[in-house]
1. Against the conditions (1) touching a residue at least 24 places away in the same chain (Cβ under 8 Å); (2) out of contact with any Ser or Thr (no Cβ under 6 Å at 6 or more places or on another chain), where does ALA49 fall short? Just the number, please.
2. Looking at the stretch 258-284, I want the residues that are closer than 18 Å to VAL39 by Cα and outside any helix (DSSP H, G or I) and have a partner that is open to solvent by less than 50 Å² (accessible area, probe 1.4 Å) and aromatic (Phe, Trp, Tyr) with Cβ atoms under 6 Å, at least 6 apart or on another chain. Which pairs are those?
3. Tell me which residues, restricted to the stretch 58-72, are farther than 20 Å from LEU91 by Cβ and either outside any strand (DSSP E or B) or modelled with pLDDT of 95 or more (or both).
4. What are the pairs, 6+ residues apart or on separate chains, where a residue within the stretch 64-85 that is within 18 Å of VAL26 (Cα to Cα) has its Cβ under 7 Å from a residue that is open to solvent by less than 90 Å² (accessible area, probe 1.4 Å) and assigned to a loop (DSSP other than H, G, I, E, B)?
5. Only one of GLN100, GLN107 is surrounded by fewer than 14 Cβ atoms within 10 Å (Cβ to Cβ) and touching a residue at least 40 places away in the same chain (Cβ under 8 Å); which?
6. Filter the stretch 1-29 for residues that are in contact (Cβ under 8 Å) with a residue 12 or more places away in the chain and either within 18 Å of MET90 (Cα to Cα) or among the basic types (Lys, Arg) (or both) and give the result.
7. Being crowded, with 21+ Cβ neighbours inside 10 Å and more than 11 Å from the chain's Cα centre (by Cα) is the filter here, so list the residues in the stretch 130-162 that pass it.
8. So LEU272 clears everything in (1) over 23 Å from the mean Cα position of the chain (by Cα); (2) of a type outside the set (D, E, K, R); (3) surrounded by 17 or more Cβ atoms within 10 Å (Cβ to Cβ) except one condition, right? Which one?
Amino acid sequence: MSAKIRKAVIPVAGLGTRFLPATKAVPKEMLTVVDRPVVQYAVDEARAAGIEHIILVTGRNKNVIEDHFDHQYELEHTLEQRGKTEPLDMLRSDMPQAGQISYTRQQQALGLGHAVWCARDMISANEPFAVLLPDMVMTGEPGCLSQMVAVHEKRGGNLVSVESCDPDDAHKYGIVSMGEKYDDGSFEITGMVEKPEPGTAPSTYFLNGRYVLDASIMDLLGRHQTGAGGEIQLTDSMLDLMESQPFFGVPFDGQTFDCGSKLGFLSANIALGLANDELGDDLRAFIKALDI
């Protein structure tokens, strides 16, 4: 039986340069999709998948993220005094229990692999853990990580969530090579290539920002070998780990919005706004009235 996935690492140290000037003083992870900051969606997804301990890898000027996952006593007291029980209950239900969220700093922006490595002392040996990239806001039921956990319970190993893209766009993504396919839709991964030359992609399945990895990857990341862009890439260590451990792809049954891009962020706000019980009808009417 596979070991339970108890911990998740969420890197939130990025500078958010694509959203300047908005991110000059506000972390990109705190930009809101409808009424929740982007990072909240990743935390909610992790908790829904049974994650017990979330590790946020932060950087300078990210203290507001820590504040978001803490009590705001003045606000809560005011809501209580005014009888606003619905927003108060929502805030309290979103609040992790004491000790369920930890923070560690990535003092230098040396890549995703380095950010994950910064959490090494919070991950025990032989302990599988999840990695969620918060820029990728995912909608689906069950959530993306829950779908991966279900596969891990049956098969173990290392998992990556994947989605299929148009073959003409494969050169834009990290693409996996497919091996044996299984009845649940997952498949063995035999290789990965970052942004293959047009026409050379081994499949149309690309990595979409969710991983379940064995703790031994921390030793590989600790070599601090640089790859594309002169950064420590998570994919490079995954390829090395693949030489001794199995990797499986789990096609995500849902929709992904890349909120690290302006178009993806706007798309997420529109799609989730339309799906919102309170806002959907009015937003739909507004869009229709634009006559575009």
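The values are calculated or read from the model by the stated rules, or taken from the named source; none is laboratory data. Small disclaimer: the values here were computed from a predicted structure and weren't measured. Note that each Cβ is placed from the backbone with ideal geometry, even for glycine, and that neighbours are counted across all protein chains shown. Just so you know, the surface numbers come from the protein's heavy atoms only, side chains and all, with ligands and any DNA or RNA stripped out. Shrake-Rupley method; radii C 1.70, N 1.55, O 1.52, S 1.80 Å.
1. Failed condition: (2).
2. What qualifies is CYS259/PHE265.
3. Of the residues in the stretch 58-72, the ones farther than 20 Å from LEU91 by Cβ are 58-62.
Passing the criteria: GLY59, ARG60, ASN61, LYS62.
4. Going by the 7 Å Cβ cut-off, the qualifying pairs are VAL64/PRO27; ILE65/VAL12; ILE65/PRO27; PHE69/PRO96.
5. Numbers: GLN100 fails: surrounded by fewer than 14 Cβ atoms within 10 Å (Cβ to Cβ).
Going through GLN100, GLN107 in turn, just one is surrounded by fewer than 14 Cβ atoms within 10 Å (Cβ to Cβ) and touching a residue at least 40 places away in the same chain (Cβ under 8 Å): GLN107.
6. Residues satisfying the conditions are LYS4, ARG6, LYS7, ARG18, LYS28.
7. GLY143, GLN147, MET148, VAL149, VAL151, HIS152, LEU159, VAL160, VAL162
8. Single failed check for LEU272: (1).
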